[in-house]
Every structure is written in structure tokens, then in C-alpha cells.
Amino acid sequence: VTDLGTLYGVGVGPGDPELLTRKAERVIRATPIIAVPVASSGGESYALDIVRDLLQPEQKVIELHFPMVRDLAVRDQHRRNAAEAITTFLKAGQNVAFLTEGDPLLHSTFGYVLHYLTPGLPVDVVPGVSSILAASADLHLPLVEADQRLAILPATFESIEDLPSVFHDFDTVVLLKINRVLDQVLDVLEKNGLSNNAVLVERASHRDGRVVPDVRLLRGASVHYLSLLIVYSRRRSREG
Ligand SMILES: C[S@@+](CC[C@H](N)C(=O)[O-])C[C@H]1O[C@@H](n2cnc3c(N)ncnc32)[C@H](O)[C@@H]1O
């Protein structure tokens, strides 16, 4: 009987290769199958870009397709397929490292893989430095302190109308996946007098990343997929 392989969920951090943990580096170097999530076949993998220099030709890189489509049934089917592809390797005794940008259990496709993986297969999770922490570091601003409350939301969530109440209830609100709904969110900020309390961070920790402190300038602009908005919703405005 072949021993089962282990699935490693590896967080590779926000972009700067120096923010890769020693454990992530060790696991990536030692694992023969490197699985990377992509939004379209042959599409970009930000996580793979971060660790490309560590890989050797004998390691096999497999793409797992997680399309960003509205149809939940289609998304579910791809998640199942990804879990099945990984299961085949594990049952053949091969270890698999599934790479995710940031941390593997914070709004990450690795969560779906775990959900659909046959229970009982060996799993090890290597946490990573999240983009949220890297963005705060770029801004030199505490995310929250003392009794402040933090909310983390995907900005593409269904009801943008709910945002004002989130801004009301939390001191700091981090909006991930902001690129597709940026103008709508800018409208909400403007209507709620919060435009001066928000900062956009594009490609946190990357060499070509940028911080946009005046978010009004972003109206109509397109920003990178790796962008997030931090709204210091209950702090005094930076101008006031
Ligand atoms: C699917 S979530 C992944 C979050 C990731 N697991 C983490 O811990 O940072 C993707 C979103 O994370 C944010 N993101 C990831 N990397 C980023 C970076 N380097 N700079 C800014 N935002 C980033 C963006 O909002 C992007 O749309």
C-alpha cells in the first residue's frame, strides 16, 4: 500500500519574496507537485511569480482553474475538479504544495479545496503574511489599536448598500477585490463623507506597488486586481 501524500496549503505572502516564511520556502523546495490557482487556463498566477526563483525543472507545476464567474454551479464544479486532481496525486503518494498569495485561509481558493477534499487525507497549512498586513506596513499606519474594531470584506459582495452600516459599526474597514466595483464604492465614500478617510494600496510590498492617498483621483481609473482599500471609517479625517 502506498503511503498517502500530504497537501500543503502554502501562503507565499503579499509579493515581496522576502516576506515568504522559512517554512513556506522549505516546503516549496521539497515538494514535487506545485499547484497554482488561476482564474483562466494559462492565466497569470501571482503566487507562482513570487516563488518562481525557488523552483527546479524537475518540479511539476499544475494549474488549477478557478474561474471568477457568477454562476455558483460552475464555480463549485471547478472547485470539486481541483480537489479531485489534488486527491489523485495524494493517493499516489505524492506531496502537493498549493500556493496562495497572502495567507491560505483568508479569502483564498485553498479554503474551497479543503472543503471538497476527501476527509482523512493529510493536510498541513503554512500561514502567510496577508496583503492586509503588508498594506498597513506600506502605510505606516496601525490597522486597529486599543478597543477599535476591524472588518474585512470582499468589495464584490452583493449589497454595496450595506457598506454605510459597516462603516458605522467598525473603526477600520478593509475592502478586498476592489478593482471591479471601485467607482461604486467611491460613490458610497463620497456620500458618507469618508473620501478623506480612505487609502488605496495597489500591489502592497511589490517593487512597483503604489499607495493612493487621495482616492477621488481614482474615479474612472482601472486598478490592479491586487488592490485593496482601507477605510479608517471612525477616525478623524486626514484633512480634518
Ligand atoms: C482572493 S483575495 C486573497 C487574499 C490573500 N489570501 C491575503 O491573505 O492577502 C485577493 C484580494 O486580496 C487583495 N490582495 C492580494 N494581494 C495583494 C497585494 N499585494 N496588495 C494589495 N492587495 C492585495 C486584493 O484585494 C485582491 O483582490
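The values are calculated or read from the model by the stated rules, or taken from the named source; none is laboratory data. Predicted model only: the values in this text are computed from it and were never measured. Cβ placement follows ideal geometry from the backbone for every residue including glycine, while neighbour counts extend to all protein chains displayed. In case anyone asks, the SASA skips ligands and DNA or RNA and just uses the protein heavy atoms, side chains included. Shrake-Rupley method; radii C 1.70, N 1.55, O 1.52, S 1.80 Å.
Quick notes on this one:
- Trypsin sites (Lys or Arg not before Pro) restricted to region 160-240 and DSSP loop, no more than 11 other C-beta within 10 Å: Arg207, Arg219, Arg236
- Carbon/sulfur fraction of accessible area - the chain, other protein chains in place, 1.4 Å, %: 50
- C-alpha long axis of helix 182-191 to longest principal axis of the chain, angle in °: 30
- Label-reachable residues, region 206-238, where backbone N falls under 17 Å from a point 7 Å from Asp183's Cα toward its Cβ: 215-224
- Solvent-accessible surface of region 1-134, taken per residue with a 1.4 Å probe and all protein chains present: 52 Å².
- Selection from His65, Val27, Tyr112, by position along the positive dipole direction of the chain (Cβ): Val27
- Amide N proximity, region 96-138 versus Asp169 label position 7 Å along Cα-to-Cβ, cut-off under 16 Å: none
- Computed over the chain: relative contact order in percent, which uses C-alpha pairs under 8 Å that are six or more apart: 22
- Inter-part distance where region 127-194 and region 1-57 are each reduced to a Cα centre, Å: 28
- Only DSSP H runs of four or more residues enter the estimate; each adds -39500 (n - 2.57), and after division by the residues of the chain the mean residue ellipticity at 222 nm equals -8500 deg cm²/dmol.
- The GNM of the chain, with springs linking C-alpha atoms under 10 angstrom apart, assigns the highest mean-square fluctuation among Ala24, Ala135, Ala151 to Ala151.
- Here the extension length gained between Lys23 and Val125 equals 35.7 nm, from 0.36 nm per residue of separation less the Cα-Cα distance.
- Full extension of the segment from Arg80 to Thr118, taken as 0.36 nm per residue of separation minus the current Cα-Cα distance, would add 12.6 nm.
- Straight-line reach from Lys60: taking Cα to Cα under 28 Å and skipping same-chain neighbours fewer than 8 places apart, the lysines in range are Lys23, Lys91.
- Computed about the Cα centre, the dipole magnitude for the chain is approximately 120 debye when only Lys and Arg (+1) and Asp and Glu (-1) carry charge, each at its Cβ.
- The alpha-carbon atoms of region 1-75, seen along their principal axes, cover 41, 38, 21 angstrom, with the largest extent given first.
- When exposed loop sites are taken as GluC sites (Glu not before Pro) in a DSSP loop with at most 10 other Cβ atoms within 10 Å, the longest stretch of the chain clear of them is 59-144.
- Residue separation of Ser41 and Asp208 scaled by 0.36 nm, minus their Cα-Cα distance, works out to 57.6 nm of gained length.
- The 1.4 Å probe gives accessible areas that order Val125, Val38, largest first, as Val125, Val38.
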